[in-house]
């Protein structure tokens, strides 16, 4: 369903479990950045009325997820650490085509968001299956479902606002690039991506 061409190394869950405070901190900031990204799309493309209507609830949902992760930290007597650079997202943003028309620029933004949601969904699935803590497994199962829906929404919006053949071509290019990137990024248990 997600189309990812390279799955996460299974050792990632073990590393994440050993760095629970760090992974939850990173996850909290991922949710905050997802809310901010949706707000930014609304601000830059207010004329895309259907997109604005679709993204407005996503902002609320992502912020609620941020608060949920804070709650998970508090339940475990862990602290929210500092936000760290997200090499995965930064590399995806570097892959975006620059220039061109607003239609293609919107497509680049939407596909970047879709890939981030897809990888988050895939990793949340691993956490929901492999973590020792049953409560956290259930927490990540719910979020996995949410991320899958967001992935689908961003793809559908890209196809709504651009030629479907163009979107499919760029999506495949993104998926190829993302797989190469995952293969070369250091495997870290303190990062969602």
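Readers should treat all values here as calculations from the given coordinates under stated rules, not as data from a laboratory. No experiment lies behind these values; they were computed from the predicted model shown. Positions of Cβ are generated from backbone atoms using ideal geometry, with glycine treated the same way; all protein chains shown enter the neighbour counts.
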Whole-angstrom gap from the range 81-157 to the range 36-62, using each part's C-alpha centre: 16 Å
Normalised contact order of the chain, rounded percent, pairs of Cα under 8 Å and 6 or more residues apart: 36 percent
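Send over the per residue convex hull volume for the range 83-163, Cα only, as a whole number of Å³. Intermediate values should be presented prior to the final figure.
Working: hull volume 8.1 nm³, N = 81.
Considering the Cα atoms of the range 83-163, their hull volume per residue is 99 Å³.
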Full-extension gain in nm, residue 33 to residue 52, via 0.36 nm per residue minus C-alpha separation: 5.1 nm
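Which ordering of 11, 188, 119 is given by a fewest-first count of other beta-carbon atoms within 10 Å?
On the way: 11 10, 188 18, 119 24.
Fewest-to-most ranking of 11, 188, 119: 11, 188, 119.
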Degrees, to the nearest 10: 49-75 long Cα axis against longest axis of the chain: 10 degrees
Volume per residue that the Cα convex hull of the range 14-184 spans, once the total is divided by residue count, Å³: 114 Å³
Crossing angle, helix 20-44 versus the chain [Cα axis fit, 0-90 degrees, rounded to tens]: 20 degrees
Angle in degrees between helix 134-161 and the longest Cα principal axis of the chain, rounded to the nearest 10: 10 degrees
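Hey, what did the range 93-143 get for relative contact order, percent, Cα under 8 Å, at least 6 apart? Working shown, then result.
Details: 27 pairs, mean separation 12.1, N = 51.
Computed over the range 93-143, the figure is 24 percent.
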